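Participant: Can you read through this structure? Questions will come right after.
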Amino acid sequence: MSDRHRVLIIEGHPDPQARLNRALADAYAEGANEGGWDVRRVRIAELDIPMLRSADEWTHGPVPPALKPVQDDLQWAHHLVLFFPLWLGDMPALVKAFLEQVARPGFAVPEDRSTLLAPKPLAGRSARVVVTMGMPAALYRWFYRAHSVKALERNVLGFVGFAPVNETLIGSVDNLGDAGVARWCRKLHRLGLDGE
């Protein structure tokens, strides 16, 4: 196995034709490849992700076959980059369903949840969350306090061991135009180049 920095890119847009999220993920991947990092990609829109409907299913049910390789990718990775659009103030339902299925007890969540001191199964990995949205990013960050992204960073990624978790918020996407998209792609390319 390579000892180079290993990056897992997860495209969380439910629409497989989503051009902006794909362009941003492509730019990051291109930068990471140029930086000499090992890169793997997952496209949530292409996976069969059933909804969990009970605590018992989450704790004891089998992980869907399409998501077992994603768990392998998460164990392989040093750094996770999760892309998704902000829908109704939060991640799309398909991203939430994906995280619920992948972050099962014994894999991402400690088996013993009676103490906060239990070892975190995915500790030693860092993450970046890249979120696109229609509203200005400053409005989401300062007025809404980026509540859903902060909850993801603290209550999901941080809870299972990812640290540090950084974010890139891209607002007013309907008004970016070609120049704005190109500017953000350059920023994501630089982040990929540095493996951040």
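Participant: Condition test on R128, is it within 25 Å of H189 (Cα to Cα), of a type in the set (K, R) and not in a helix (DSSP H, G or I)?
Facilitator: Numbers: within 25 Å of H189 (Cα to Cα): yes; of a type in the set (K, R): yes; not in a helix (DSSP H, G or I): yes.
In short, yes.
Participant: Kindly check whether there is at least one residue in region 21-34 that is out of contact with any Cys (no Cβ under 6 Å at 6 or more places or on another chain) and on the phi > 0 side of the Ramachandran plot.
Facilitator: no
Participant: With respect to N21, is the statement that it is of a type in the set (S, T, N, Q) and either modelled with pLDDT under 95 or touching a Phe, Trp or Tyr at 6+ places or on another chain (Cβ under 8 Å) (or both) true?
Facilitator: Yes: the conditions hold for N21.
Participant: Give region 1-60 a look and list any residue that's farther than 22 Å from S126 by Cβ and free of Cβ contacts under 8 Å to residues at least 24 places away in the same chain, or say none.
Facilitator: If the condition is that a residue be farther than 22 Å from S126 by Cβ and free of Cβ contacts under 8 Å to residues at least 24 places away in the same chain, then Q17, R19, R22, D48, R53, S54, A55, D56, E57, H60 are the ones that fit.
Participant: Within region 16-122, which helices (runs of 4 or more DSSP H) (wholly inside it) include 2 or more residues that are in contact with a Lys or Arg (Cβ under 7 Å, 6 or more places away or on another chain) and crowded, with 19+ Cβ neighbours inside 10 Å? Reasoning before the result, please.
Facilitator: Details: elements: 19-34, 55-60, 68-76, 93-102.
Those helices (runs of 4 or more DSSP H) span 19-34.
Participant: Something else now. I'm trying to understand the selection: among the residues of region 174-196, which are part of a helix (DSSP H, G or I) and surrounded by 15 or more Cβ atoms within 10 Å (Cβ to Cβ)?
Facilitator: Matches in region 174-196: V181, W184, C185, K187, L188, H189, L191, G192, L193.
Participant: Also: If A55 satisfies every condition in (1) within 16 Å of the chain's Cα centre (by Cα); (2) more than 20 Å from L24 (Cα to Cα) but one, which is the exception?
Facilitator: (1)
Participant: Continuing with this model, one more query. Only residues that are touching a helix residue (DSSP H, G or I) at 6+ places or on another chain (Cβ under 9 Å), farther than 19 Å from A137 by Cβ and surrounded by 16 or more Cβ atoms within 10 Å (Cβ to Cβ): list them for region 161-173, please.
Facilitator: F162
Participant: While we're looking at this one, here's another question. Of the numbered conditions (1) assigned to a loop (DSSP other than H, G, I, E, B); (2) of a type in the set (A, V, I, L, M); (3) surrounded by fewer than 19 Cβ atoms within 10 Å (Cβ to Cβ), A138 satisfies every one except a single condition; which is it?
Facilitator: (1)
The values are calculated or read from the model by the stated rules, or taken from the named source; none is laboratory data. Computed from a predicted model, the values in this text were never measured in an experiment. So basically every Cβ, Gly included, is an ideal-geometry build from the backbone, and we count neighbours across all protein chains shown.
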